[in-house]
1. Taking the conditions exactly as written (among the basic types (Lys, Arg), outside any strand (DSSP E or B) and surrounded by fewer than 12 Cβ atoms within 10 Å (Cβ to Cβ)), does residue 5 satisfy them or not?
2. Under the condition of being of a type in the set (A, V, I, L, M) and open to solvent by 50 Å² or more (accessible area, probe 1.4 Å), which residue from region 70-112 is modelled with the highest pLDDT?
3. Which residue out of 64, 60 is of a type in the set (S, T, N, Q), open to solvent by 50 Å² or more (accessible area, probe 1.4 Å), under 21 Å from residue 11 (Cβ atoms) and under 18 Å from the mean Cα position of the chain (by Cα)?
4. Of the numbered conditions (1) over 16 Å from residue 100 (Cβ atoms); (2) at pLDDT below 80; (3) surrounded by 11 or more Cβ atoms within 10 Å (Cβ to Cβ), residue 44 fails exactly one; give the number of that condition.
5. Taking only pairs six or more apart or across chains, which ones have beta-carbon atoms under 7 Å, a first residue in region 87-112 that is closer than 16 Å to residue 56 by Cα, and a second residue that is basic (Lys, Arg)?
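The values are calculated or read from the model by the stated rules, or taken from the named source; none is laboratory data. Given the structure is predicted, the values throughout are model-derived calculations rather than measurements. For neighbour counting, all protein chains shown are included, and Cβ atoms are generated from backbone atoms with ideal geometry for every residue, glycine included. Keep in mind that these areas ignore ligands, DNA and RNA; they rest on the heavy atoms of the full protein, side chains included. Shrake-Rupley method; radii C 1.70, N 1.55, O 1.52, S 1.80 Å.
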Amino acid sequence: MFSFKDLKKSVGWYCNLLGIPHNSDSVESPVYNIPITYETGLTLDDHTLDHDFRFEPSNNVLFNFYVKDIDEAYKFIKGNNIRIVKEIERIGDFAYFNFQDPDGNVLMICNS
């Protein structure tokens with residue numbers, strides 16, 4: 001779980017990124033669980049109940065997404081005007097790049 005300034009905006013952004021439909025009317029503070037059908041979940045939290053919380057986006061990669069085609073993923077991210085903070089790096093058969101969510105948290109996409 002990590003933090004966001006605008007939960008509804010972030011839910012929309014992550015659902016679009018993952019190709020998951022959502023209804024913004026169902027998003028209620030303080031947390032929203034992205035409906036992922038795998039063992040690992042994705043919970044977004046705006047910390048509205050934690051009055052001492054101070055938001056600071058992560059400059060380090062929080063987690064990564066695996067894709068079959070790194071170049072298609074890169075085109076998708078660029079085509080959605082998402083800020084790329086590290087261009088594709090290729091190490092043998094492995095490749096990855098880093099990008100930011102709307103709150104400045106750094107994420108990674110790498111090939112599987």
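1. no
2. Filtering region 70-112 down to residues of a type in the set (A, V, I, L, M) leaves 70, 73, 77, 82, 84-85, 88, 91, 95, 106-109.
If we keep only those that are open to solvent by 50 Å² or more (accessible area, probe 1.4 Å) too, we end up with 85, 91.
Values: 85: 97, 91: 92.
So the residue we want is 85.
3. None of the other options fit; the residue is 64.
4. So residue 44 meets the others, but not (1).
5. Pairs found: 100/83; 102/9; 103/5.
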